[in-house]
Amino acid sequence: MANLADLVGRAASRDPGRAALIAGGDVLSWAELDARIDRAAAAFAGLGLARGDRVAIQLGNVVEFPVTFFGALRAGLVVVPANTGYTEPELTTLIADSGARLLVTSSVAAIGFAQGLDIDHLVVAAPSGPDGARTLTELLADAPADPPTTSGGDDDLAVLVYTSGTSGRPRGAMLTHRALLANLDQCAQITPSVLRPGEVVLLVLPMFHIYGLGPGLGMLAHAGATGVLIDRFDAAATLEVMTRHRVTNVVGAPPMYVAWARHDDPRAVTAAFAHVRLALSGAAPLSAPTLERLEQLTSVVVQEGYGLTETAPVLTSTLMSEVRKPLSVGRAIPGVTLELRDEQGEPVEEDDPGEIVVRGPNLFSGYWPDGHGGPTEDGWFATGDVAYPDDDGDLYLVGRRKDLIIVSGFNVYPAEVELVLMRHPAVSEAAVVATPHEYTGEAVKAFVVRRPGATLDADDVRAWCARSLARFKCPTQVQFVDQLPHSVIGKVRTAALRDVEDDADDDAEDRAS
């Protein structure tokens, strides 16, 4: 049975002495990592955990994450990644819903309240923990050195990833070994190669998120390359690390590239990207000015893609396009079948927007615990995301179906307006939400972040939009903010925007459409 942890064993067999992980001054070879994973698997089995039991892992981008992650999988357990910033109610909900028996954490806050959680075991990835809690170091030291027999794989549940819950209570997406391995194989078929054995990849996206877990850690093991772990993103410090270790591949998100493009030492950016062959971005679109600035500084063209937790996660990439185009997410990767469908489930005509519906071996098995909401009997999964193709077949996201704004009966997709706003040379970032309107039912409200030093008012924004959008799609309210709220991988949290109070000046004044 194919187990995701087998990837580590294969990398260790192919090139045991190659560096697998670099974390600060520590370097761990693939053979050393494989041995630690064996110990972790044996240690978890020694706690009485049985195949299929859930293990919550709340760790940052440190060596202990891949050790416990692959160790749990090798023991036949199911990993439940937990955000390191979770509060007590959030972690309590995740533990209760997943039924996790073990929590591995380094969070000081979590260690403080973990004894009140309904778990059988607490393992602390820190020098010490509360009474009765074992440290991970102690647990691994006491484990037998003999490698255990790998348990589980294929269609067994491997990872239970909780979605952000933008539509309500977070739900656990069930990803099997087969689905996760399938997506890694699909990504490996892309030309040019996403990652090669001799390359060095920057792993700064949190591995508790599916983006950092799959295209990051998963592809690292699949290729048997070298990963440089960064636990917390800082533009200057990360550039220095990239230069020192001659990073060749970057798996990133928009806030990272924006920070680098605006960095006050352009020479540091140029030096850091001197050996970079491929830079990837996802979660949200990158603005054209950011892409242009980075290309001027580094000659590296950042490639963008699209995916979601339920698809393990990659679905499209601009690497599949003939020409990389700003704001496009490219085309479907090998092994993924993608269609755009209307509200009746029928394929849309020509360049009309439609909901992205996909089929492939990388799809999840539904939501925990009974598999509800999964693919249909014929294998299709409706993503809820709406996109349109250009004449070349490259896709552009225009929003979530559930985020649809209805103005006087006409449909407005937020991302369509956001794409127009982000083309303005004075706009750094923008987000669009629905706002109640006396006459039209709903109207478009735009939150805009000005570029440093730029002058821009609400009338400028509306006039810019009117050049490219029908009147009903143009913002009737424009609010300027210093920054937008983001998730850990840079996706704008629109629910938080709805709680932002309006400015008192005319820039936030309502204008009838």
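What is the percent of Cα-Cα separations in segment 101-214 that go past 23 Å? It would help to have the intermediate numbers written out before the result.
Working: 3450 of 6441 pairs.
Here the long-distance tail beyond 23 Å is 54 percent of all Cα pairs in segment 101-214.
Restricting to bridges with both residues inside the chain, how much of the DSSP beta-bridge set is antiparallel, in percent to the nearest 5?
Percent antiparallel among DSSP bridges in the chain is about 60.
Given contacts defined as C-alpha pairs under 8 Å and at least six residues apart, what's the relative contact order of segment 145-213, whole-number percent?
On the way: 56 pairs, mean separation 15.1, N = 69.
Relative contact order here is 22 percent.
In square nanometres, what is the average projected area of the Cα convex hull of segment 79-166?
Approximately 7.2 nm², given one-decimal rounding.
Computed on alpha carbon atoms, what radius of gyration and Dmax characterise segment 51-115, expressed in Å?
In Å, with Rg to one decimal and Dmax whole: 11.1, 30.
What is the angle, in °, between the Cα long axis of helix 235-245 and the longest principal axis of the Cα atoms in the chain? Nearest 10 is fine, range 0 to 90.
The angle comes out at about 50 degrees.
Cα-based Rg of segment 279-402 per 2.2 N^0.38 Å, rounded to two decimals?
It is 1.11.
Would you give the gap between the C-alpha center of segment 169-223 and the C-alpha center of segment 255-298, rounded to a whole Å?
Value for the Cα centre distance between the two parts: 22 Å.
Over the chain, what is the mean sequence separation of C-alpha contacts under 8 Å (at least six apart), divided by residue count, expressed as relative contact order in percent?
Reported as a whole number, the value is 10 percent.
Antiparallel as a % of all DSSP beta bridges within segment 1-116, to the nearest 5?
35
Suppose every K and R has +1 on its Cβ and every D and E has -1 on its Cβ; what is the size of the dipole of the chain about the Cα centre, in Debye to the nearest 20?
Using Cβ point charges on Lys, Arg, Asp and Glu, the chain gives about 1360 debye.
Rg to Rh ratio, segment 276-317, alpha-carbon atoms and Kirkwood radius?
On the way: Rg = 11.8 Å, Rh = 11.2 Å.
Radius of gyration relative to Kirkwood radius: 1.05.
Tell me the angle of helix 30-46 to the major Cα principal axis of the chain, expressed in degrees between 0 and 90 and rounded to the nearest ten.
For 30-46 against the chain, the angle is about 80 degrees.
How big is D, in µm² s⁻¹, for segment 367-438 by Stokes-Einstein at 37 °C and 0.692 mPa s if Rh is the Kirkwood radius over C-alpha pairs? Intermediate values should be presented prior to the final figure.
Numbers: Rh = 14.8 Å.
Rounded, D is 221 µm²/s.
Rg/Rh for segment 171-309 to two decimals, with Rh computed the Kirkwood way over all alpha-carbon pairs.
With Rg and the Kirkwood Rh in hand, the quotient comes to 0.96.
With percent of Cα pairs over 31 Å apart as the read-out, I listed [x] 46; [y] 54; [z] 60; which label goes with the value calculated from this structure?
Given [x] 46; [y] 54; [z] 60, the calculated one carries the label [x].
Of the trypsin sites (Lys or Arg not before Pro) in segment 213-272, which ones lie in a loop per DSSP and count no more than 15 other C-beta atoms within 10 Å? It would help to have the intermediate numbers written out before the result.
Working: sites: 232, 244, 246, 262, 267; in loops: 232, 246, 262.
Of the trypsin sites (Lys or Arg not before Pro), the ones in loops of segment 213-272 whose Cβ has at most 15 other Cβ atoms within 10 Å are 232, 246, 262.
How many percent of Cα pairs in segment 254-348 exceed 17 Å?
Counting every Cα pair in segment 254-348, those more than 17 Å apart make up 56 percent.
With 12 Å as the cut-off, how large is the P(r) tail for segment 23-62, expressed as percent of Cα-Cα pairs?
For segment 23-62, the share of Cα pairs beyond 12 Å comes to 71 percent.
Taking 4 °C and 1.567 mPa s as the conditions, I'd like the Stokes-Einstein D for segment 1-107 in µm²/s, using the Kirkwood hydrodynamic radius from alpha carbon pairs.
90
State which stretch of the chain is the longest one without any exposed GluC sites (Glu not before Pro), exposure meaning a DSSP loop state and at most 16 other Cβ atoms within 10 Å.
Longest site-free region, per DSSP loop and neighbour criteria: 1-321.
With a 1.4 Å probe and all protein chains kept in place, how much accessible area does residue 424 have, in Å² rounded to the nearest 10?
Counting only protein heavy atoms, residue 424 exposes about 30 Å² to solvent.
Put +1 on the Cβ of every Lys and Arg and -1 on every Asp and Glu Cβ in segment 1-156; which of 33, 63, 152 then has its Cα farthest towards the positive end of the dipole?
Farthest towards the positive end: 33.
Are there chymotrypsin sites (Phe, Trp or Tyr not before Pro) in segment 387-465 that DSSP marks as loop and that have at most 11 other Cβ atoms within 10 Å, and which are they?
Details: sites: 396, 410, 439, 447, 464; in loops: 439.
Hits after loop and neighbour filter: 439.
The values are calculated or read from the model by the stated rules, or taken from the named source; none is laboratory data. Owing to the predicted nature of the structure, the values given are computational and were not obtained by experimental measurement. Counting neighbours? That spans all protein chains shown, and the Cβs are built from the backbone with ideal geometry, glycine included. The accessibility values were calculated without ligands, DNA or RNA, using every heavy atom of the protein model including side chains. Shrake-Rupley method; radii C 1.70, N 1.55, O 1.52, S 1.80 Å.
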